[in-house]
Amino acid sequence: MPTELLTILAIAAAAIVGVWAGSSMVTRRAQEADARSANAANQLAARLHELDTDRTRMAALLSGMVEGVLVVDGDGRLCLVNDAARQMLNLETDLLGRHYVEAVRQPGVVQQLGAALKGEHRPPIEVPLDAASGTTGGPRIFRAQATPASATGGGAVLVLHDISDLRRVDRVRRDFVANVSHELRTPLTAVRGYVEALMEEPLDPLQRKKFLEVIDRHTGRMERLVRDLLRLARLDAHQEIAELHPIEVGALFRSVWTDLSERIEKQKLHIEVLVDPPAAVIDADPTKMHDALRNLVENAVNYSDEGGRIELGARVEDGRVLLTVGDSGPGLPDADLGRVFERFYRVDKSRARDPGGTGLGLSIARHLVVLHGGRIHAENRKEGGAIFTISLPHRKG
Ligand code: ADP
């Protein structure tokens with residue numbers, strides 16, 4: 001090979017090596033820069049992902065909350081409204097960015113938000129919201145509290161709690177105490193009056209006996225009331241459990257009317273029993289089912305006229321056992337059929353035909369039936385009189 005050619009090749013090789021060396025340096029720098037920006041992009045993506053996860057979590061948290069939450073910014077524009085708040089305040093769906101005064105229609109809530117936006121901490125207010133009543137039935141009551149959102153530089157956060165159930169329980173408790181006091185006051189006043197008369201006035205033996213009998217009747221009534229109240233308290237506290245055994249319905253009916261035989265005979269009532277063979281044996285707690293049926297039969301006796309008829313029946317229908325107690329009494333006004341199972345509910349408020357009941361019997365009977373996984377309801381019979389039906393799950397096998 002000529003020397004010139006060798007020289008040229010050497011120069012070319014050196015140039016190629018030099019270019020390669022130079023280009024590899026540039027590539028390394030670019031790679032480093034690429035790595036840095038890739039890193040930054042990854043960090044940004046991770047942060048965005050975190051923010052996204054935070055936002056999703058926050059949205060899930062807010063939409064899962066039973067409390068209503070509504071947030072306004074420093075200009076009073078809505079920036080967050082969860083589903084609960086939307087429902088409670090009956091708000092339109094697309095209202096983010098609108099001023100709260102335009103969106104919220106309840107004056108009390110508007111005032112709360114206005115005060116919070118001025119930095120005031122006001123005590124919560126109670127707002128009856130009829131708008132939200134449709135789904136749950138009955139008017140709803142909410143406690144609304146708005147607080148200034150100083151941490152985010154102005155704005156306010158409104159939180160709404162549904163307190164309707166609390167108020168309802170409160171009302172039931174107050175009514176219950178008032179009813180018990182009223183039920184006790186009548187016999188107590190009578191007892192007191194007759195005791196005073198016995199102490200102050202000289203009475204002949206016959207009068208004395210009459211007064212003592214009245215006292216006896218009223219104390220008996222108070223005793224029954226206290227006994228029924230204690231039983232309801234036990235049932236409410238789930239302190240009674242039904243221990244199910246196979247029992248013969250015929251024998252059960254018999255034991256119930258034997259308990260009441262004295263009055264049945266006195267009123268010349270006719271008892272008719274019809275037990276279909278498939279319903280002859282039921283699974284029930286003997287004492288508790290006896291008590292439930294006794295309450296029904298006792299009412300049938302109480303509200304029947306002399307010579308009336310009481311029909312006790314058992315049959316299987318749609319896979320359930322139906323125990324029925326029918327009578328030939330006055331029946332019940334249709335409007336009261338569902339309410340007679342409420343505590344102290346009486347059809348005849350004047351108690352013109354008051355047989356000395358406590359007004360708690362049907363309520364106890366319903367509790368006892370429910371303990372068996374059953375239901376109870378009242379109807380009027382076409383031929384006149386009332387009929388109460390206990391429906392129980394049919395025994396297996
Ligand atoms: P009470 O101790 O007053 O009988 P209950 O809870 O057993 O209380 O019954 C509630 C009300 O239902 C009674 O006051 C009565 O007005 C009505 N009632 C219950 N059973 C009958 C019936 N067989 N016929 C007519 N009315 C009835």
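The values are calculated or read from the model by the stated rules, or taken from the named source; none is laboratory data. No experiment lies behind these values; they were computed from the predicted model shown. We place every Cβ from the backbone using ideal geometry, glycine too, and count neighbours over all the protein chains shown. Calculation scope for accessible area: heavy atoms of the full protein, side chains included, ligands and nucleic acids excluded. Shrake-Rupley method; radii C 1.70, N 1.55, O 1.52, S 1.80 Å.
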Could you go through region 57-71 and let me know if any residue there is touching a residue at least 24 places away in the same chain (Cβ under 8 Å) and at positive phi. no
When the residues of region 166-212 are filtered to those that are of a type in the set (Asp, Glu) and open to solvent by less than 90 Å² (accessible area, probe 1.4 Å), which remaining residue is farthest from the chain's Cα centre (by Cα)? Asp204
Just wondering, is there one or more residues in region 123-144 that are open to solvent by 60 Å² or more (accessible area, probe 1.4 Å), closer than 20 Å to Val72 by Cβ, out of contact with any strand residue (DSSP E or B) (no Cβ under 7 Å at 6 or more places or on another chain) and at pLDDT 90 or above? yes
Considering region 99-111 alone, what residues qualify as being closer than 17 Å to Val69 by Cβ and either part of a loop (DSSP other than H, G, I, E, B) or at pLDDT below 90 (or both)? Val104, Gln106
I need the full set of residues from region 320-345 which are within 9 Å of the ligand (Cβ to nearest atom), open to solvent by less than 50 Å² (accessible area, probe 1.4 Å) and not in a strand (DSSP E or B), in order please. Gly329, Gly331, Leu332, Asp336, Val340, Phe341, Phe344, Tyr345
Scan region 287-296 and give yes if some residue there is crowded, with 18+ Cβ neighbours inside 10 Å, among the polar types (S, T, N, Q), closer than 14 Å to Leu368 by Cβ and touching a residue at least 60 places away in the same chain (Cβ under 8 Å), otherwise no. yes
Mind counting the residues in region 70-94 that are part of a strand (DSSP E or B) and either open to solvent by less than 10 Å² (accessible area, probe 1.4 Å) or in contact with a Ser or Thr (Cβ under 6 Å, 6 or more places away or on another chain) (or both)? 3
Qualifying positions in region 277-319 - in a strand (DSSP E or B), of a type in the set (Val, Ile, Thr) and away from the ligand (no atom under 12 Å from the Cβ): Val281, Ile282, Val316
I need a count of the residues in region 371-390 that are under 16 Å from Asp285 (Cβ atoms) and small (Gly, Ala, Ser). 2
Residue count, region 347-379, condition more than 29 Å from the chain's Cα centre (by Cα) and modelled with pLDDT of 95 or more, comes to 0
What single numbered condition from (1) more than 25 Å from Arg294 (Cβ to Cβ); (2) of a type outside the set (Lys, Arg); (3) out of contact with any helix residue (DSSP H, G or I) (no Cβ under 9 Å at 6 or more places or on another chain) fails to hold for Leu198? (3)
Of the conditions (1) in contact (Cβ under 8 Å) with a residue 40 or more places away in the chain; (2) within 19 Å of Leu362 (Cα to Cα), Ile271 fails just one. Which one is it? (2)
Looking at the structure I just gave you, is Ile271 within 16 Å of the ligand (Cβ to nearest atom), over 27 Å from the mean Cα position of the chain (by Cα), assigned to a helix (DSSP H, G or I) and more than 15 Å from Leu368 (Cα to Cα)? no
Ile364 vs. criteria within 11 Å of the ligand (Cβ to nearest atom) and touching a Ser or Thr at 6+ places or on another chain (Cβ under 7 Å): no
Out of the residues in region 373-397 that are away from the ligand (no atom under 16 Å from the Cβ) and surrounded by fewer than 21 Cβ atoms within 10 Å (Cβ to Cβ), state the one that is farthest from Val180 (Cα to Cα). Gly397
